[in-house]
Every structure is written in C-alpha cells, then in structure tokens.
Amino acid sequence: MGPVLPALLSLFDQPRRLLALIAAACIALLAFGLYLQHAVGLEPCPMCIVQRYLFVLVALVAAIGAVLPAATARWSGALMALLSLTGAGVAARQSWLQWFPPEITACGRDLFGMIESFPLRRVIPMLFRGSGDCSAVDWTFLGLTIANWSFLNFLLVAALGAALLLRRR
C-alpha cells in the first residue's frame, strides 16, 4: 500500500479537495448509469431514478462545499451523509427486491408518467414499493448488481461525510 494510505488520509486535511473528489466520483457514477441506459439499453426503474437524484444532490452538496470556505466542510459532510444514508436505504430495498423478488410482479408506469397521473403524495410511496423492473437483475459486475454497487457507494460517501463532520479543525 505504501504511499497510497497517507495520501488518502491527507485528503482529510484538505476537506475542499475531498469534497471535489466526492463530487467528481458521483458525476462519474451518474455518467456510467447514463451509459448503461443509453448505450447498453438498460431502462432504470423508479428506485434507480431516486438513487440517481440522490447522487445528483450529493454531487451538488459536495461541489458547493468544495468552493465554499473550508470551515463549511463539516456542514457539507453532514448533509452528504444524510443524503447518502437515504440513498443507501433505497439501494438496500432494491437489493432486497432483487434477492427476494415478489411472487407477483407488475410493471408499473415510469416516474414521469406517475407524476403526470397522480398527486405527489401518492407518487412517493409508489416509488418505494418497487415493481417487476426494480427486482430485475439486468447487469452485474463481480457478482454484484447495480443496486448493490449503489448501496456500497452511498455507504462510502456517508462514511466520508461523517468523517468530515467529526474531524477536528
């Protein structure tokens, strides 16, 4: 491991650089998701869309925190941790649906169709119920699905956000 670990630990001494790295990583994950959608042809389910929005929010918080004074890094870390834990919860639920698919699967409308047809207070619970699409495993890497990888990335960002929150000045 040599010089890698000290270099990673030094990022905590430069919170703005760490926040910029987190923002770039979230953008890279979003770009890969768009590649899977548009180049490979995998259509995202409602839970995937929610996870994408949460990655966008984490990237925005991290990018804003990276340009603000370093003293605000703690608050950026707290907000990133909260958003990431929410994303991890959605990804965990989707992983659960993939491991234990429901006996009856019904493919519902896409997110935009639901928003156009129903009030928001009905759409939000629909998103988290999942559908046949959310339990489908269309792609894996090293034996893990997209939802599994999303869960791990959300946990990593939550841990980094918590570390920023708890770091000493």
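Since every read-out is calculated from the coordinates, none of them should be taken as a lab result. Note that the structure is a prediction, hence the values are computed from the model and not measured. Neighbour counts are summed over all protein chains in view; Cβ atoms, including those assigned to glycine, are modelled from backbone coordinates with ideal geometry.
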Going 7 Å from the Cα of TRP75 toward and past its Cβ, which residues in segment 140-165 have a backbone nitrogen under 18 Å from where you end up? 161-165
Percent of alpha carbon pairs in segment 31-82 separated by more than 13 Å? 64 percent
Gain on full stretching of the segment that runs from LEU85 to ILE64 - 0.36 nm per residue minus C-alpha separation: 5.6 nm
